[in-house]
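S.K.: Just dropping this structure here.
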Amino acid sequence: MTINVALDGPSGAGKSTIARAAAIKLGYVYVDTGAMYRSIALFMLNKGVDLENEGAVAALLPEIDVKLTYENGEQRVLLNGEDVSEKIRTSEVSMAASKTSSYPEVRKFLLGLQKDIASKNSIIMDGRDIGTVILPDAQVKIFLTASAEKRAERRLKELVEKGESISYDEVLADIIKRDEQDMNRETAPLKRADDAILVDTSDLTLEESIDKVYSTVVNNIPKEEKAEKKVSSRDRELMPVRPISKKHKLNFFDVFFYNLLRYIVIGIYHIYYNISYEGVDNVPKDGGNIFASNHRSYQDPVFIALHARIPISYMAKEELFHKNVFFTALIKAFGAFPVVRGSGDTSVIDTSVEKLEKGRNLVIFPEGTRSKDGKVGKGKTGVALVAAVAQTKVVPVGINFEGKLKFRKRVVVRYGKPIEPKELGITSTSPRDLKKIKSEIMENIVDLVH
């Protein structure tokens, strides 16, 4: 049974931001209907259409193809194949959308897509007529609002951060005008559904607003729906999924000095070891990725990092930070952070996801301990849990050498094809899903170790 949450409210109430975050906490799909209407408005503006001419707008609808896709858990909006997720967020498009979305043909054009998404997924859908028109049978309806002044303050901050030059008075006037248009239009006007729960965020922080919407949904799902949502221990999530955005990039100088150090170490290691690399083309050029490798020696993180252009982080047992000064300095330079084995502290997962979100790559050794004979041991679910929570790709790595690692030892490092949780259909952190992704990762590592 799918759960539908209808979240309505005026412009600038923070519906999109709050609904998106609440959906992640709930494990639901977020559907931004406003983005769909903005896409149509952007198309009309680009075509130079008179927005007051309803017939002219309707005539061009057959030329439009709007799709919502989910990249690393984040909604992206495609207009005729072009990603317009950022272009639709200007004041000009916002005002144009208020006009074009009032036309019955435009709303009819998008209605089928919206209902189809809701029928197949547990969703939070936000807009202005979700609870009254689009999803009148939604199990939970929320009307999210805030004072016009507070909404103007928030909207101004958002626009200034995007580089737009606009005054508070202009934003407030736009908010008031938009409210009047939305409430007084003939087709699907902004209106609170009779059974919608009012949530006023005027005096709430963003986090408080998200928590308020989340708790409102959880506390108002009908009992029979909750019963159907109960799952077995194999399907119960261990942690909430919170996909990384892939938007953050590390400081230029951090990357520069990391790569300077990397090239120096490459030279040293090629002198000391007889080392070669295979599958280098499989190494992502961006950050936010996991490298999962078999574990042969203390040098493994460095072996892996030598062909990763973005700085890495990796879990290292706390004892390693008490070895010789040079070794400790080296592993810290290559992003090591301590973990106490056997502590059961889930904060290490949070730290790992934070490193990925900030744009670093992460190295994990699923076996946990080093293999003395070169055989790949049984992997633990830690790597699968981080990958599932962050919804990011995993690059399998095989480190190969015989016997003990010593001067001029022949070492071969192989990078495998990246594995994406979404390609495996992994959308939760249930034991069932974690076992599936762990098995896929370990099988790939084994194939690279020979």
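The values are calculated or read from the model by the stated rules, or taken from the named source; none is laboratory data. Since this is a predicted model, take the numbers as computed values, not measurements. We place every Cβ from the backbone using ideal geometry, glycine too, and count neighbours over all the protein chains shown. Just so you know, the surface numbers come from the protein's heavy atoms only, side chains and all, with ligands and any DNA or RNA stripped out. Shrake-Rupley method; radii C 1.70, N 1.55, O 1.52, S 1.80 Å.
S.K.: Report the residue count in segment 257-280 for those that are open to solvent by 30 Å² or more (accessible area, probe 1.4 Å), within 25 Å of Pro418 (Cα to Cα), out of contact with any helix residue (DSSP H, G or I) (no Cβ under 9 Å at 6 or more places or on another chain) and not hydroxyl-bearing (Ser, Thr, Tyr).
M.R.: 2
S.K.: Might you let me know whether segment 316-328 holds any residue that is modelled with pLDDT under 85 and open to solvent by less than 10 Å² (accessible area, probe 1.4 Å)?
M.R.: yes
S.K.: Let me spell it out: the conditions are (1) open to solvent by less than 20 Å² (accessible area, probe 1.4 Å); (2) in contact with a Phe, Trp or Tyr (Cβ under 7 Å, 6 or more places away or on another chain), and Asn289 meets all of them except one. Which number is the exception?
M.R.: (2)
S.K.: Within segment 420-445, count every residue that is open to solvent by less than 10 Å² (accessible area, probe 1.4 Å) and of a type outside the set (S, T, N, Q).
M.R.: 6
S.K.: A follow-up question, please. If you take the residues of segment 228-256 that are open to solvent by less than 80 Å² (accessible area, probe 1.4 Å), of a type in the set (D, E, K, R) and at pLDDT 75 or above, which of them is nearest to Ile290 (Cα to Cα)?
M.R.: For segment 228-256, the residue satisfying everything is Lys246.
S.K.: Please go through segment 378-417 and pick out each residue that is over 28 Å from the mean Cα position of the chain (by Cα) and assigned to a loop (DSSP other than H, G, I, E, B).
M.R.: Answer for segment 378-417, where residues must be over 28 Å from the mean Cα position of the chain (by Cα) and assigned to a loop (DSSP other than H, G, I, E, B): Lys378, Phe401, Glu402, Gly403, Lys404, Leu405, Lys406, Phe407, Arg408, Lys409.
S.K.: Can you find a residue in segment 400-407 that is open to solvent by 50 Å² or more (accessible area, probe 1.4 Å), modelled with pLDDT under 85 and farther than 22 Å from Phe321 by Cα?
M.R.: no
S.K.: Now a separate question. Determine whether Thr132 is over 20 Å from Glu92 (Cβ atoms), of a type in the set (Val, Ile, Thr), modelled with pLDDT of 90 or more and open to solvent by less than 40 Å² (accessible area, probe 1.4 Å).
M.R.: Against the criterion (over 20 Å from Glu92 (Cβ atoms), of a type in the set (Val, Ile, Thr), modelled with pLDDT of 90 or more and open to solvent by less than 40 Å² (accessible area, probe 1.4 Å)), Thr132 does not qualify.
S.K.: Being over 25 Å from the mean Cα position of the chain (by Cα) and free of Cβ contacts under 8 Å to residues at least 24 places away in the same chain is the filter here, so list the residues in segment 418-450 that pass it.
M.R.: The answer is Glu443, and nothing else.
S.K.: Oh, and also: Which one of these is within 23 Å of Arg38 (Cβ to Cβ) and at pLDDT 85 or above: Val160, Val171?
M.R.: None of the other options fit; the residue is Val171.
S.K.: Look at Lys380 and say whether it is in contact with a Gly (Cβ under 7 Å, 6 or more places away or on another chain), farther than 15 Å from Ile244 by Cβ and open to solvent by 30 Å² or more (accessible area, probe 1.4 Å).
M.R.: Values: in contact with a Gly (Cβ under 7 Å, 6 or more places away or on another chain): yes; farther than 15 Å from Ile244 by Cβ: yes; open to solvent by 30 Å² or more (accessible area, probe 1.4 Å): yes.
Yes: the conditions hold for Lys380.
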